Amino acid sequence: MRRDLVLRVIARTLIPFILLFALYVQFHGDFGPGGGFQAGVIIAAAIIFYALIQGVEATRKSVPEWLVETMVASGVLIYYGVGAAGLLLGGNYLDYFVLSHDTVHGQERGIFWVEVGVAVTVSGVMLMVFYMFASRAKDPE
Amino acid sequence: MTLIGFLSYAITIFLMVAGLTIVVSWGNLIKTLVGLGIFQTSVYLLFIAPGKLIGGTAPILDPRFTVYSNPLPHVLILTAIVVGVATLALGLALVVRIREAYGTIEEDEILALDAENPDDGGPRA
Amino acid sequence: MALAVVVIARSRSLFTVIILGGAYSFMMATVLTVLDAVDVAMTEASVGAGISTVLLLSALYLCKNEEAAPHGRLWLPLAVSITTAGMLVYGTLGLPAFNDPAAPIHTHVVPRYLNDAVRETGVPNVVTAVLASYRGYDTLGETTVVFTAGVGVIALLRRRRRQKQGAVV
């Protein structure tokens, strides 16, 4: 597919918009449909689209494997970290009320960071699974 | 129960039974996984359909609307969808490994291969 | 949707099955939008029709297997399915009617969520508020499940480079 001109041009035009839409879905999850899961899946889909057009090797250079592995683990760490921050600041585990100067802002801040953690983990896992499937075909037994 | 209520349950039951048939009767492992996915989507319908109120709107609070559909099943099904795709990814990884170990992804052939050499612990991977 | 499922069941070519599965997911997302479940529809469309199709196609490519073997006896699974369908129909007679505001699902804890979500959390999207704040532990467990699935796939499919000793994981 590398040589097909129409696909390459369209991919190069569309992928930034897909990533922008994923960020929109992530941050506007409070006011419309959306949230962490959808945004993570859309990010993974955009990068897989890029891999389908340009080849997995080129994608591995732009989004290296160590970065994806770090994303997988750090998303879960962010979530647990928000819980631990609730503990350290005087409330219960995963208590959002103590995260800011008043309870409503604390809730908003907690929800924001939790959704970020979820999106990072989901996109990392989807991308990691795709990389694993793609690399298994490289050197057959 | 009104006709449309009966219709929604009928569609749910049809999809559930169809998914179950595909899982039970087919030997090909990839088709089994697709049938399992169909079964899972029928369960999503089962949960979300009773939460809908005709004349209501999506559960995003807004001063212009007063009647909302029930948001609680949406939360449960959102979790269920993501867990379903995680299960699918693991299942597919297992299918790929089975294919490399046994050379086939048909269930009856795999069982026959296992019956031939029972103490092997599986053919060489 | 029923037509897609029947064709999936009867088709032998795995490629057809996977593509029809993607189309089925899109139709399911449309039905969910009609039922006012917009968050769920977005997730089902992106996950079911996007990621699932990609993963199934890559697994199919790795398995190099294009056709399913023809099925032998079909009467036993059909008998089981029809019995299950009968039991399910009997079960749904006791379920609440379709558009009933007094059903138990609408009365216990949901009025509190709908009334107090903006006041307590400042987030108008009730689904996000419930998912991230009221039921935050469930989302924590779900993220851990996704993480575990990723780790499992890595453990199953990663190749080690110790090939000179003949021991490959």
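Some points to look at:
- Per-region count, segment A:25-56, residues surrounded by 21 or more Cβ atoms within 10 Å (Cβ to Cβ) and not in a helix (DSSP H, G or I): 4
- Per the conditions (1) crowded, with 22+ Cβ neighbours inside 10 Å; (2) modelled with pLDDT of 90 or more; (3) more than 15 Å from the chain's Cα centre (by Cα), the sole criterion not satisfied by A:ALA22 is (3).
- Tally of residues being part of a helix (DSSP H, G or I), farther than 24 Å from B:ILE4 by Cα and at pLDDT below 70 across segment C:55-113: 0
- Residue match in segment C:32-52 (condition: farther than 30 Å from B:GLY56 by Cβ and either in a loop (DSSP other than H, G, I, E, B) or free of Cβ contacts under 8 Å to residues at least 12 places away in the same chain (or both)): yes
- Single unsatisfied condition, B:ASN28 versus (1) out of contact with any strand residue (DSSP E or B) (no Cβ under 9 Å at 6 or more places or on another chain); (2) within 8 Å of chain C (Cβ to nearest Cβ): (1)
- Residues in segment A:71-122 that are of a type in the set (S, T, N, Q), in contact (Cβ under 8 Å) with a residue 40 or more places away in the chain and either more than 10 Å from chain C (Cβ to nearest Cβ) or in contact with a Lys or Arg (Cβ under 6 Å, 6 or more places away or on another chain) (or both): A:SER74 only.
- Residues in segment A:43-69 that are touching a Gly at 6+ places or on another chain (Cβ under 8 Å) and among the β-branched types (Val, Ile, Thr): A:VAL68 only.
- Residue list for segment B:9-36, restricted to those being modelled with pLDDT under 80 and either in a helix (DSSP H, G or I) or small (Gly, Ala, Ser) (or both): B:SER25, B:GLY27
- Among (1) over 30 Å from B:PRO63 (Cα atoms); (2) facing chain C (nearest Cβ under 10 Å); (3) at pLDDT below 90 - the single one A:ALA58 does not satisfy: (2)
- Condition met for B:ALA10 (more than 7 Å from chain C (Cβ to nearest Cβ), among the small types (Gly, Ala, Ser) and on the phi < 0 side of the Ramachandran plot): yes
- Evaluation of B:PHE39 against the conditions (1) over 14 Å from the mean Cα position of the chain (by Cα); (2) in a helix (DSSP H, G or I); (3) of a type in the set (Phe, Trp, Tyr) shows that the sole unmet condition is (1).
- A Cβ distance below 9 Å, combined with a sequence gap of six or more or placement on separate chains, defines the contacts here; from segment C:117-129, residues that are within 8 Å of chain A (Cβ to nearest Cβ) reach residues that are aromatic (Phe, Trp, Tyr) and outside any loop (DSSP other than H, G, I, E, B) in the pairs C:GLU120/C:TYR134; C:THR121/C:TYR134; C:ALA129/C:TYR113.
- Residue selected from segment B:47-78 under the condition crowded, with 17+ Cβ neighbours inside 10 Å and of a type in the set (Phe, Trp, Tyr), by the criterion nearest to the chain's Cα centre (by Cα): B:PHE47
- Matching residues, segment C:105-137, being closer than 17 Å to A:TYR93 by Cα and surrounded by fewer than 16 Cβ atoms within 10 Å (Cβ to Cβ): C:TYR137
- B:ARG99 being over 12 Å from the mean Cα position of the chain (by Cα) and more than 7 Å from chain C (Cβ to nearest Cβ): no
- Some residue of segment B:72-84 being farther than 30 Å from C:ARG119 by Cβ and assigned to a helix (DSSP H, G or I): yes
The values are calculated or read from the model by the stated rules, or taken from the named source; none is laboratory data. It should be emphasised that the depicted structure is a prediction, and the values quoted were computed from it without experimental measurement. Note that we place each Cβ from the backbone using ideal geometry, even for glycine, and neighbour counts take in every protein chain shown.
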